[in-house]
Amino acid sequence: MKNRRCQRTRCAVVLQALLVASVFLLSGCERTHESLTKPKMTPLSPRLHTLFATTRMICFGRFVIEIPATAMLVFGPAEVGPPISYLPGKGGEIAQFVAEDLIAVETSREVMDEGDFARLPLFGKVMDGIVPGQKIVFDSKDGVGYYVNSYLPVGKDLFVQHFGSVMHEDYDVEDFNVVARHLRLRGDNEIPGEPGTCIDGGFLPLPFEYERVTLGVRLNEFPDVHLSIEVHKNRDRLSESGALELMLKEGEEMAIQAGHGGAYARIKTFRRGPRQLGAWKGFEMVARKPVRIPRQSGHQFHANVATD
């Protein structure tokens, strides 16, 4: 069992390294593979050579990644401004979703007082959006801010944007409208030929102040190896490249001071140091986190790259 577990660890490390090295920046039709590769990669075993003999390119966020043709994709939460989710084939069911929201509105109404209604004048309203068929519903879960759902039909499919606990004076319908004007459907294997953000089922050829896209890669040949990728864009909030190394050192010091130095020492670091992605300079750490009781045995990998 120990040898098998070590073999799986090695496979996971190589696969993770391959996937990270195979990322391209989605910038029109110009993609530079060589500038994003990591030198001195772990050599591929014959089994992995077979796995990567046939690959396909997929788009997520502002990147394109090369994965085995047999791999399965699972999109996770995404945010382009407000959080957004994709419901294929549900474009004709907006009335049902709105009706369910209005039931929730009545439940919320029972626990609100007069001051809450005065503070939230849009509470309970259903408004038409900027595109045909779009509906925006206003609820409140705390009597302080709005809980808003925007239902946006695109063809036969449905995208749902959501705001949670936004103050009345902070609500801006343009946060929904800008997506509604430009969002278009995107096939699973479609690589857009222009800059923009790929989300589950869709593509937005726009820049946003904040973007977050998450993606899971499931490998049929290695059912116990799951890869997760999360990308953020937010220049004002994300740390600069040099800050990641500082945070790692601070974390180590805090673990030792709290008496967890032994557990921290069990973290195995595969790569830690400067990393450049295209024109961006950053810092990277790839490590294996130890198993912690009562969790089952498994391996977890994190690759953090903070860019200027």
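Some observations on this one:
- Pairing residues of the stretch 209-225 that are in a loop (DSSP other than H, G, I, E, B) with residues that are open to solvent by 60 Å² or more (accessible area, probe 1.4 Å), at Cβ distances under 6 Å and at least 6 apart in sequence or on separate chains, gives Asn220/Thr70.
- Test: His260 is out of contact with any strand residue (DSSP E or B) (no Cβ under 8 Å at 6 or more places or on another chain), open to solvent by 70 Å² or more (accessible area, probe 1.4 Å) and modelled with pLDDT under 80: yes
- Residue satisfying condition, being farther than 18 Å from Glu174 by Cα, open to solvent by 20 Å² or more (accessible area, probe 1.4 Å) and within 19 Å of the chain's Cα centre (by Cα), within set Glu79, Glu66: Glu66
- Residue within the stretch 11-23 that is hydrophobic (A, V, I, L, M, F, W, C), out of contact with any Asp or Glu (no Cβ under 8 Å at 6 or more places or on another chain), modelled with pLDDT under 50 and open to solvent by 80 Å² or more (accessible area, probe 1.4 Å) present: no
- Residues (in a loop (DSSP other than H, G, I, E, B) and either under 17 Å from Pro83 (Cα atoms) or hydroxyl-bearing (Ser, Thr, Tyr) (or both)) located in the stretch 146-173: Met167, Tyr171, Asp172, Val173
- Within the stretch 103-117, considering residues that are open to solvent by 40 Å² or more (accessible area, probe 1.4 Å), in contact with a Gly (Cβ under 9 Å, 6 or more places away or on another chain) and not in a helix (DSSP H, G or I), the one farthest from Tyr147 (Cα to Cα): Asp113
Condition check ((1) touching a strand residue (DSSP E or B) at 6+ places or on another chain (Cβ under 6 Å); (2) farther than 17 Å from Arg62 by Cβ) across all residues:
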{"site": "Phe176", "(1), (2)": "yes, yes"}
{"site": "Gly201", "(1), (2)": "yes, no"}
{"site": "Leu227", "(1), (2)": "yes, yes"}
{"site": "Val231", "(1), (2)": "yes, no"}
{"site": "Leu244", "(1), (2)": "yes, yes"}
{"site": "Glu250", "(1), (2)": "no, yes"}
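- From Gly143, Gly124, residue being closer than 18 Å to Leu102 by Cβ, open to solvent by less than 20 Å² (accessible area, probe 1.4 Å), outside any strand (DSSP E or B) and not basic (Lys, Arg): Gly143
The values are calculated or read from the model by the stated rules, or taken from the named source; none is laboratory data. Predicted, not measured: the structure shown is a model, and the values here were computed from it. A quick note on method: Cβ atoms are made from the backbone with ideal geometry, for glycine too, and the neighbour counts reach across all protein chains shown. Accessible surface is based on the protein model in full, side chains and every heavy atom, while ligands, DNA and RNA are left aside. Shrake-Rupley method; radii C 1.70, N 1.55, O 1.52, S 1.80 Å.
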